[in-house]
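The values are calculated or read from the model by the stated rules, or taken from the named source; none is laboratory data. Values in this document were obtained by computation on a predicted structure and should not be read as measured data. We place every Cβ from the backbone using ideal geometry, glycine too, and count neighbours over all the protein chains shown.
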Amino acid sequence: MTYNLNFKTIFSLFLIGIIGGCVGIGLTLLMHFLQHITFDAPIDAMMPFRVMVEDASPLRRVLALLACGLIGGVGWFCIHRYGQPLVDIKTAVLNKDKNLPFLTTFFHSLLQIITVAMGSPLGREVAPREMTATFATQWIGICHFSDEERKILLACASGAGLAAVYNVPLAAMVFTLETLLLSWSITSVISAFICCSTAVFIVRIGLGDLVQYPIEYLRFNEYLVFWAVIAGPIIGITVFLFDKSIKWLPKLPKSNPIMILISIGAFGLIGILSIKFPEILGNGKAANQLTFTSDISLNYAIGLFSTKWTAILLAMVAGAYGGRITPSMMLGGALGFITACLWNIALPNIPMSSSAIIAAAVFLGIAQKMPLTSALFMIELSRFSPAYFYPICLCFATALPTYYFIQNKLTNIA
């Protein structure tokens, strides 16, 4: 990118960062309010979502998910039937002729937050990214920016939304460069820094400096390093299978009223799964809190891993939308915890919580095609020691080649 920033663009980056921060505050407060209402927790109680769903009765969970299926089914049916066609952020960034339709995207984002708050197993991060980007689209149209300026502003708006909702300025900046702008020019770096740091500044004024996963630091030994190297291929294979399971899902007509019934049925099944494993509800943070602190048994971790995977597929069959960042972290964390438990049976002990954190970062990085972002994201989310970059990098070093080797082999055979 040879484009140089001017005053109008810099002002717009700060403005979009402020908008992203406000969007992050608003959607976070809305989600927490709906979580308390849905699972009958006291409105003024400061409790994790995991505690809410665990304390809710099994019947309450099933009814909540049935209601979630009804609201999501009707909502997305109406969006697909009566709204303008949805445009994803990456398409909008890379194609100057594709803009985010304001009302459709706004209600689409709200619906994601509502359903995640009510127990949808998908992530919440796409909603603030899309909502911030759709506001940025309106500003871009008013100010008549060039194509290059439009690309930068839209990508940075998406990054600002991610930064705001997770309180991760650096990871969001790298996310913007690694996945959307696909550029590491000084212009791109400055733009992403301005937008993402401004968004987090606003969020910290409104909500405080929230740490998503406050985890006690554990020193790792050399055996954890060996585990990371060996676990890499296992993670790579698992991500490949996860990707394939999503691609094998049936393509259903989303503008057909039958999707409402499918949504109710699919979310009802998720509710039934939550009777035994309540932590599968929501984006995956509830389960992460268990694996990242080793507050879970091997058998329960296996159950969580398999039911969360199933729940994600059911939600996607139902036509629900949402992010995959925290769900991917949850699957990776559970897989890391499981492999560490098996390792400790016969080999020198390694900290299982550390294994979960490493695997969560690597699974996320491969699944979402953002290895740099995921390593930073995991450390920023938990404020864990940067020393863990070493085993994370080693795990990536064996996981990534395994994933792409299998992918290329099967593609060539096909």
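Quick rundown of the values:
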| read-out | value |
| --- | --- |
| Residue in the range 288-299 that is under 19 Å from R60 (Cα atoms), at pLDDT 95 or above and not hydroxyl-bearing (S, T, Y) present | no |
| Failed item, numbered, when D44 is tested on (1) outside any helix (DSSP H, G or I); (2) in contact (Cβ under 8 Å) with a residue 60 or more places away in the chain | (2) |
| Set A334, A367, A356: member being within 18 Å of R383 (Cα to Cα), buried (at least 24 other Cβ atoms within 10 Å of the Cβ) and in contact (Cβ under 8 Å) with a residue 12 or more places away in the chain | A356 |
| Count - residues of the range 1-23 that are in contact with a Ser or Thr (Cβ under 8 Å, 6 or more places away or on another chain) and either surrounded by 14 or more Cβ atoms within 10 Å (Cβ to Cβ) or assigned to a helix (DSSP H, G or I) (or both) | 13 |
| Filter result for F102 (among the hydrophobic types (A, V, I, L, M, F, W, C) and within 21 Å of the chain's Cα centre (by Cα)) | no |
| Flag for L27 being surrounded by 13 or more Cβ atoms within 10 Å (Cβ to Cβ), within 20 Å of the chain's Cα centre (by Cα) and either modelled with pLDDT of 95 or more or of a type in the set (A, V, I, L, M) (or both) | yes |
| Residue check, I186 over 28 Å from L314 (Cα atoms) and β-branched (V, I, T) | yes |
| Residue in the range 213-231 that is in contact with a Ser or Thr (Cβ under 8 Å, 6 or more places away or on another chain) and closer than 25 Å to A64 by Cβ present | yes |
| Residue in the range 33-70 that is farthest from P278 (Cα to Cα), counting only those that are charged (D, E, K, R) and modelled with pLDDT of 95 or more | R60 |
| Filter result for P233 (in the same structural domain as N344 (by TED's automatic domain parsing), modelled with pLDDT of 95 or more and either of a type in the set (V, I, T) or more than 30 Å from Q407 (Cα to Cα) (or both)) | no |
| Odd one out for P128 among (1) closer than 24 Å to L177 by Cα; (2) surrounded by fewer than 17 Cβ atoms within 10 Å (Cβ to Cβ); (3) under 24 Å from the mean Cα position of the chain (by Cα); (4) of a type outside the set (A, V, I, L, M) | (2) |
